[in-house]
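Peer 1: Here you go, one structure.
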Amino acid sequence: MTKSRIAAVDVGNDSIKAIFGELEYELNIPNITARDTEDRPVIGIEELDTKNPLEGIHIKVHSPALKENNVIYRVGQLAAKSDNATELDPGSSKSEEDQTLVMLFASLALDAVKEENAQLFPRTKNVIDAQYTLGTGLPLREVKEGKDAGYRSKLVSSVHQVEFLVTPKYQGLKVNIKFQEVKVYPEGFAAYINLVMDNNLKIINKDLIDKRILIQDIGGLSTDIAVIKNRNVDDDKAQGFNLGVSESLEAIREEIRKKHGVELDSRRDVVEIITRKNDRNHIMVKGSRTSVHDITDRILLELAKKQYRLLRNVWQKNSQTEICYFVGGGAHVLKDYLKTINNNLDGYNIEFFEDDKESIWMMANAYYKLIMDYVRKSEKSKADKQPVKN
Ligand SMILES: Nc1ncnc2c1ncn2[C@@H]1O[C@H](COP(=O)(O)OP(=O)(O)OP(=O)(O)O)[C@@H](O)[C@H]1O
Ligand SMILES: [Mg+2]
């Protein structure tokens, strides 16, 4: 029997974060897909051997879990460059979109094909049989609606195949993905687990565990506020909003283009300019160092005010809250603005993470802790049931 590998995957609206095995491999892929045809004409054979596979993910996905089976997609960076790219729509349900599954399967397949895993997963010619124990999540809203069960059973009940087409290094390989087990956690709860527990689910934050806390997760397209009480998520109080940072990053990019005639490649470049240690909020214009502080300040302050209003609203409805943690990539970008607004206005007890990585990988880390714990416990109960041999 094929051994099962651990995978913890956060399918964010902006990007996928995945952690594998004994923490030895991590993936972060933009959540963008574009339909394509069999023979993507771009790169020559030589280039295929040398280019980074992550920059050229081109796959055909076979799975009964999909609404549309056997479709060919460009994924991630490669999809971003095409003109028919689709990103998740904030109003949609993650659990019901083919795009969620395509991204999930693509990330697992990219792990499975790695040479380091050749020992683990049997290969016959160009087909790899992979098996995973998956920890993942859905927005609280979807879990409340009971969509987690259907999502889980779609995954566990069949074999899913990712076929690499014109992808550097992996062209022609097929990965069959089976799940030994799938756990679907609610996103807000997962963030709480990550705050209070370590990798062995030992409590690391005694002070926090019994407090009433809010977790405001500012993502690319959406913001979720989880309410934690009695060591649990209060389902009725949790709220999701269709407000993220992507739009503001796009607006900054557009204004820089208009005012300075400088075309930045992506929102990622904007993030870099507004968060880097040295020369923050400056760009080069025809070789001269130029401030764009006026633009970034205005747009980010506007968004921070909106985010602050959301916080105020939820805090008012949960007046006995003791602390709010800001997480997600958006928290990193808006940190200084939110702190300033808070100092000038209500003075809530709010907290941020120093490290942007911690903030962005919060959910994936939590799923990892939870799925590891599940595996350890089920191995232990199996061992307990074995008759003692001596
Ligand atoms: N250090 C960073 N690296 C990459 N992106 C960052 C960073 N800091 C902030 N961002 C930006 O933060 C935004 C949100 O990122 P995050 O990964 O939290 O969203 P997501 O979880 O994919 O989306 P959602 O929560 O809406 O499903 C993105 O637009 C991203 O560009
Ligand atoms: Mg997120």
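The values are calculated or read from the model by the stated rules, or taken from the named source; none is laboratory data. Quick caveat, the model's predicted, so the values are computed rather than measured. Glycine also receives a Cβ, built like all others from the backbone with ideal geometry; neighbour counts cover every protein chain displayed. When the accessible area is computed, the model is the full protein with side chains, heavy atoms only, and any ligands, DNA or RNA have been set aside. Shrake-Rupley method; radii C 1.70, N 1.55, O 1.52, S 1.80 Å.
Peer 1: Order 274-284, 231-241 from most to least packed using the mean count of other Cβ atoms within 10 Å.
Peer 2: 231-241, 274-284
Peer 1: Related question: So how do 352-360, 135-143 stack up, highest first, on mean other-Cβ count within 10 Å?
Peer 2: Sorting 352-360, 135-143 by mean packing, highest first, produces 135-143, 352-360.
Peer 1: Let's test the formula: R0 of 22 Å, r as the Cβ-Cβ distance of D83 and M284. What FRET efficiency results, to the nearest 0.05?
Peer 2: Once rounded, the FRET efficiency stands at 0.15.
Peer 1: Where the accessible area of the range 243-390 is counted over protein heavy atoms with a 1.4 Å probe, how much of it, in %, is carbon and sulfur?
Peer 2: Accessible surface attributable to carbon and sulfur in the range 243-390 totals 47 percent.
Peer 1: If you take the square roots of the eigenvalues of the alpha-carbon gyration tensor of the range 248-322 and sort them as a ≥ b ≥ c, do you get rounded (a/c under 1.5), prolate (a/b over b/c) or oblate?
Peer 2: Note, shape of the range 248-322 comes out prolate.
Peer 1: Can I ask one more? Which helices, taking whole DSSP H runs in the chain, have alpha carbons extending 18 angstrom or more along the helix axis plus mean Kyte-Doolittle at least -0.5?
Peer 2: Taking the DSSP H segments of the chain (at least 18 Å long, mean hydropathy at least -0.5), we get 98-112.
Peer 1: Counting only residues 5 or more places away or on other chains, whose amide H sits under 5 Å from the amide H of I204 once H atoms are built in the peptide plane?
Peer 2: Residues meeting the amide H criterion: M197, D198.
Peer 1: Considering only protein heavy atoms, what per residue accessible area in square angstrom results for the chain with a 1.4 angstrom probe?
Peer 2: Each residue of the chain exposes 49 Å² on average to a 1.4 Å probe.
Peer 1: Using the Cα gyration tensor of the chain, with a ≥ b ≥ c the square roots of its eigenvalues, what is the shape: rounded (a/c below 1.5), prolate (a/b larger than b/c) or oblate (neither)?
Peer 2: Oblate is the answer for the chain, as a/c is 1.5 or above yet b/c matches or exceeds a/b.
Peer 1: Considering only protein heavy atoms and a probe of 1.4 Å, how much of the accessible area of the range 157-204 is carbon and sulfur, as a whole percent?
Peer 2: 47 percent
Peer 1: Using modelled backbone amide H atoms (1.01 Å from N, in-plane), which distant-in-sequence or interchain residues come within less than 5 Å of S15's amide H?
Peer 2: Excluding prolines and chain starts, which carry no amide H, the hits are N31.
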